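Take a look at the structure below.
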Amino acid sequence: MLFNESIAYLELQKTGCTHTKAILKKTLDAEAIGMHNTYDSIGKLPLDAFKTKTKIGNVRNPWDWYVSLWAYGCMGKGGLYKRLTENPNPISVSGLRNLAGRMVQGEKLFNNTEEWKDLYKDGRDAIRFRQWLKKILLDNDFSLGEGYKESTIGKEVGFLTYRYILLFTYDAKKALQQLKHYNALADHDKENNFIDIMIRNESIHDDLIKYADQIGCSKEDLKNVFKRFKKKRNKSEREGYDYYYDDETEQLVLEKEKFIIDKYGYSFKP
């Protein structure tokens, strides 16, 4: 999270947040704490103070998002990749904490790491991507380490929607353990979503210019910083996202990410 007296920027994984945050850090006097933090996990930022700030986030085309998430893991990077390919070490302090956290969430304690390693073997293998995607969205016999598989809404919506609600709405942790159908989730978002400015991964620079006054940035400063940040950071090595999908997996994302797709007007073809 990045924040100062007037803004709070929250980072949704694989939506261009690393690139956006780097730009904001160059144009704002702001403090960075951790990554992908929820609003209620920052002790230095009480709720009353958080509510007064202009709150900023990122979103991305769901079909593109899943390919990016998988391909980043194929590079051996990312928290999800590590959780799926490395089981907690029960004789280490960090491993015991990890296992305890999974127990509290009701998660499966150990995963079939060799199977996951195989699915991450080649970032240009469309067959492996489709197998990975169906496992992420349809298979409940493993732990993602984030409570998604164990939540009451996990079978109804996709992993991107789950993360979106968790990061961008008030009281999300409690709600995600109680919501049971799509309409209830949509109602929760309508009543509790706190984001004031949403930056699309597909138009980060244009959106930052568009909202510069609200964010508190100089447009000229932004344009100068853009020259130094022409390429996005944490970019995965892969083909265009449409290369990886067949009709079945395209439809799967359409069904599971209906919330994001409808709210932001995304389609399979940009």
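Here, each number is a calculation from the coordinates, and none is a lab measurement. Small disclaimer: the values here were computed from a predicted structure and weren't measured. Glycine gets a Cβ as well: all are built from the backbone with ideal geometry, and neighbour counts include every protein chain shown.
DSSP finds beta bridges in the chain, and of those with both partners inside it, around 40 percent are antiparallel.
Relative to one another, the C-alpha centroids of the range 174-243 and the range 132-159 are positioned 23 Å apart. Residues whose amide H comes within less than 5 Å of that of Thr54, counting only those at least five positions distant or on another chain, are Ile7, Ala8 (H built at 1.01 Å from N in the peptide plane). Which of these, Asp247, Asp64, Asp118, has the largest mean-square fluctuation under a Gaussian network model of the chain (Cα springs below 10 Å)? Among Asp247, Asp64, Asp118, the largest GNM mean-square fluctuation belongs to Asp247. Assuming charge only on the beta carbon of Lys and Arg (+1) and of Asp and Glu (-1), the dipole of the range 123-186 about its Cα centre is about 180 debye to the nearest 20. Across Ser151, Ser41, Ser68, mean-square fluctuation computed from a Gaussian network of the chain (C-alpha pairs under 10 Å connected) peaks at Ser41. Straight-line cross-link reach from Lys223 at under 20 Å between alpha-carbon atoms covers these lysines, not counting any fewer than eight positions away in the same chain: Lys21, Lys25, Lys26, Lys210, Lys231, Lys232.
Listed options for Cα extents along the principal axes in Å are (1) 76, 42, 26; (2) 50, 40, 40; (3) 61, 46, 30. The value calculated from this structure is the one marked (2).
With contributions of -39500 (n - 2.57) from each DSSP H run of at least four residues, the per-residue ellipticity at 222 nm computed over the chain stands at -13500 deg cm²/dmol. Under the combined filter of DSSP loop state and at most 11 neighbouring Cβ atoms within 10 Å, the range 203-270 retains these trypsin sites (Lys or Arg not before Pro): Lys230, Lys231.
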